[in-house]
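Data block below; observations after.
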Amino acid sequence: MANTYPFEHIRAQPQEFALFKKVLPSISVAMPEFFRTMEIANKSIQQKNMFGNPLGIRQDLGFENALKVLLIACFNDGLLTDRDTAIKAIDIFRLLTLKWYAFGHKLDSCLYFGYFAYSCHAHAAALFNGHLKQSEFLAGGAKGRLHEPDIAQLLAPTHSNAWYKTSTGLGDKLHPIAIADADITKTGLPRPGYQVHFRHSNLFDLRAPTFIETDQVETPLIRDAKVIVSCPTCHQKCRGNLFKQIEITCPGCKTTWKQFTS
Ligand SMILES: [Zn+2]
């Protein structure tokens, strides 16, 4: 089956690779092995038995070592610092994986990362929790956050915190990301929101976060053929005519965005 993954078309600018190697030297050295082990691990989970369960799962053994090496590199290069959480680390790994892919590396590796970070999220969080402190120690203590303007450009956010609800799922107001209801699970206290797992479609959109807080999701207010939604930038309430897809320009801050209303 030929899937097209939602992030598959993403390519980096030619000069970004040199920049990546310059500002993230330890990470650049660790990424090839990280990708190699994920590619093997993905091959092994693609082989399913008659019950649909993955075979050969033990082949992901090298992955955990590569993950640890990359974690240490993240502390060395200042992408992670002390008190960063497992969720933060997973998010950094997600951005690094997507960027490394955009440099022309293997899609299979990204699919394994998606399977690991989204579908097996609890396992991934536990693994990161177990290794975070140790990696910081091995890196010789936290070095403080790297404040390089180039990093903000290289690892720019791939999603916003302004999501909207439709009858079929969630959408990002500022980025072209749509996640179906079957690919998320609503969670209650202590952390109300949506766990993004992609277990239904297996589309693993690496641009999406692994978790979306309830207060980041707005259900559009629809009344008398009008729709009221809030601006993703300044939160001002904006009114528009009701169509299946609307384009709104905020009268306050002039942010323009598109969203679906059903
Ligand atoms: Zn606004």
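For the reader, a short list of remarks on this structure follows.
- In this Cβ point-charge picture (+1 for Lys and Arg, -1 for Asp and Glu), segment 163-260 has a dipole of about 240 debye about its Cα centre.
- Straight-distance candidates among the lysines for linking to residue 173, with alpha-carbon spacing under 17 Å and chain neighbours fewer than 8 residues away dropped: 165, 237, 244, 254, 258.
- Net +/- balance of residues flanking residue 22 in space, Cβ distance below 13 Å, scoring K and R +1, D and E -1: -3
- q = 0.18, 0.22, 0.23 Å⁻¹, segment 163-260: log10 I(q)/I(0) [Debye, one scatterer per Cα]: -0.86, -1.14, -1.20
- Computed over the chain: relative contact order in percent, which uses C-alpha pairs under 8 Å that are six or more apart: 16
- With contacts taken as Cα pairs under 8 Å at a separation of at least 6 residues, segment 16-154 carries a relative contact order of 33 percent.
- Computed on segment 120-262, with alpha-carbon pairs under 8 angstrom and 6+ residues apart, the relative contact order is 17 percent.
- Residues whose amide H comes within less than 5 Å of that of residue 211, counting only those at least five positions distant or on another chain, are 196 (H built at 1.01 Å from N in the peptide plane).
- Cβ crowding within 10 Å, taken as a proxy for footprinting-reagent exposure, orders 174, 189, 24 from fewest neighbours to most as 189, 174, 24.
- For 244, 99, the sequence from fewest to most other C-beta atoms within 10 Å is 244, 99.
- Normalised by residue count, segment 123-201 yields a Cα convex hull volume of 162 Å³ per residue.
- Positive-pole candidate from 125, 182, 137, dipole of the chain, charges at beta carbon: 182
- Cβ crowding within 10 Å ranks 159, 9 as 9, 159, fewest other Cβ atoms first.
- Structure remark: mean-square fluctuation, Gaussian network model of the chain, C-alpha springs under 10 Å; the largest value among 15, 134, 216 belongs to 15.
- Square roots of five times the Cα gyration tensor eigenvalues for the chain, Å: 33, 23, 17
- Within the chain: Cβ-based charge dipole about Cα centre, in debye rounded to nearest 20 (Lys, Arg +1; Asp, Glu -1): 380
- Size of charge dipole - segment 212-262 - debye, nearest 20, with Cβ of Lys, Arg +1 and Asp, Glu -1, no other charges: 260
None of the figures in this text is laboratory data; all of them are computed from the coordinates on show. Note that the structure is predicted; figures quoted are calculated from it, not measured. Quick reminder, even Gly has a Cβ in these numbers, built from the backbone with ideal geometry, and neighbours come from all protein chains shown.
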